[in-house]
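Notes to accompany the following structure.
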Amino acid sequence: MKILGIGNAIVDVICKVDEMFLKNHSLIKSTMKLIDETEFKKLLNNLKIEKTIAGGSVANTMVGLSTLDNNVGFIGKINDDDLGRKYEESLTKEKVKYCYNKKKENLSTGTCLILITPDSERTMCTFLGTAGKISPEDINENDIKQSEIIFLEGYLWDKGEPQKAFEKALQLSKKSSMTLSDKFCVERHKKEFYELVKNKLDIVFANEQEIIELINAKSFEEVINFGKNLKKLLIITRAEKGSVAIQGQEVTACEAQKNLNIVDLTGAGDLFAAGFFNGFINKKSIKESLAKGTDMASKIIQKIGARIN
């Protein structure tokens, strides 16, 4: 297959909230917070569910690629429970090859509350469940070897078994890529992420906040210089400032689309990655790939959820 994604298999539960809800529950807008099952149930009791979708950052990217007729797969750990079965059915329906054999686990399938405020920003509260327990045994060697590129999720990185699963996938891959996922995620794993970006990854996706945090930059000019010295492919999204790809000394920029009816920013980065990858694996130029990423991101933020269709 063209690309194999490896990430958290999370069922997205989308809810609309006001600013006071975030304040009352000590949540920081536009970030992702890991919660336990008790906190998850407490929050859910005070919410009205808008929509439920099989998600997870890299899974969203794979679905986006599938809608563009690319042959892609996904590895993500689920439980053999009701949500797990729905998750697998959802991905299969989207024509993403699900490369994981579910079984009974001690923890339930992972779930993410996506809280959308009136300004369209999303705040995520994630109960990882069994998704965060991925191990090397969950990574099928043949699936990795038969893929042109693997795409890893920064959210998945953690000490112990998940880290070993990451390392196994990186060692077996022909070409590796990763999304840094979240500014707080970068803060938690800065040393390890820096090592991955510098020495083990071929392609890196980040937003401006994440890359600035990773390298402790004071300006975007420092980010550009870092990218040039990296001598790999670094793709950075900058919200209304557009996006930039840096490969060696070549810096390619793409403007953001204007006058959009923004409804929900959920999945914007995921679908941007899908659009970029679509261009990249089909031998389009970097500029064309950025433009396709921008187009996909622009479409997804004008609707609720992380599915184009």
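The values are calculated or read from the model by the stated rules, or taken from the named source; none is laboratory data. All of these numbers come straight from a predicted model, not from anything done at the bench. Note that each Cβ is placed from the backbone with ideal geometry, even for glycine, and that neighbours are counted across all protein chains shown.
Each row is one residue, and each column tells you yes or no for (1) within 30 Å of GLN302 (Cβ to Cβ); (2) assigned to a helix (DSSP H, G or I).
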{"position": "GLY73", "(1), (2)": "yes, no"}
{"position": "ASN101", "(1), (2)": "no, no"}
{"position": "SER108", "(1), (2)": "no, no"}
{"position": "GLY132", "(1), (2)": "no, yes"}
{"position": "ILE144", "(1), (2)": "no, yes"}
{"position": "LEU152", "(1), (2)": "yes, no"}
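Every listed requirement among (1) modelled with pLDDT of 90 or more; (2) over 18 Å from the mean Cα position of the chain (by Cα) is met by LYS97 save one, (2).
Of the residues making up segment 142-164, those that are among the aliphatic types (A, V, I, L, M) and modelled with pLDDT under 95 number 1. I'm trying to understand the selection: among the residues of segment 4-37, which are in contact (Cβ under 8 Å) with a residue 24 or more places away in the chain, in contact with a helix residue (DSSP H, G or I) (Cβ under 7 Å, 6 or more places away or on another chain) and over 23 Å from GLY84 (Cβ atoms)? The answer is LYS29, THR31.
Taken over segment 170-184, the residue count meeting the criterion of being of a type in the set (A, V, I, L, M, F, W, C) and surrounded by 23 or more Cβ atoms within 10 Å (Cβ to Cβ) is 2. Taking the criterion of being buried (at least 18 other Cβ atoms within 10 Å of the Cβ) and either farther than 14 Å from SER57 by Cβ or of a type in the set (Gly, Ala, Ser) (or both), the residues of segment 135-157 that qualify are ASP138, ILE139, ASP143, ILE144, SER147, ILE149, ILE150, GLY154. Figure legend. Inter-residue proximity from segment 194-217: first residues polar (S, T, N, Q), second residues outside any loop (DSSP other than H, G, I, E, B) and at pLDDT 95 or above, beta-carbon distance below 6 Å, spacing 6+ or different chains. Indicated pairs: ASN207/THR237. For segment 181-193, state whether one or more residues are of a type in the set (S, T, N, Q), touching a residue at least 12 places away in the same chain (Cβ under 8 Å) and farther than 18 Å from CYS99 by Cα. Within segment 181-193, one or more residues are of a type in the set (S, T, N, Q), touching a residue at least 12 places away in the same chain (Cβ under 8 Å) and farther than 18 Å from CYS99 by Cα. Tell me yes or no: at least one residue of segment 192-209 is in contact with a Gly (Cβ under 8 Å, 6 or more places away or on another chain) and either among the aliphatic types (A, V, I, L, M) or at pLDDT below 95 (or both). The answer is no; no qualifying residue exists.
Strands (runs of 3 or more DSSP E) fully within segment 215-309 that include at least 1 residues being touching a Phe, Trp or Tyr at 6+ places or on another chain (Cβ under 6 Å): 233-237. Only one entry of GLU37, GLU19 meets the criterion of being surrounded by fewer than 19 Cβ atoms within 10 Å (Cβ to Cβ), modelled with pLDDT under 95, over 20 Å from the mean Cα position of the chain (by Cα) and at negative phi, and that entry is GLU37. Only a single criterion out of (1) part of a helix (DSSP H, G or I); (2) without any contact (Cβ under 8 Å) to a residue 12 or more places away in the chain is not satisfied by LEU83, namely (2).
Starting from residues that are charged (D, E, K, R) and out of contact with any strand residue (DSSP E or B) (no Cβ under 6 Å at 6 or more places or on another chain), keep the ones in segment 155-181 and report whichever is nearest to LEU128 (Cα to Cα).
Initial filter on segment 155-181 (charged (D, E, K, R)): 158-159, 161, 164, 167-168, 174-175.
Checking which are out of contact with any strand residue (DSSP E or B) (no Cβ under 6 Å at 6 or more places or on another chain) leaves us with 158-159, 161, 164, 167-168, 174.
On the way: ASP158: 12, LYS159: 15, GLU161: 14, LYS164: 18, GLU167: 20, LYS168: 21, LYS174: 29 Å.
Looking at residues that are charged (D, E, K, R) and out of contact with any strand residue (DSSP E or B) (no Cβ under 6 Å at 6 or more places or on another chain), I get ASP158.
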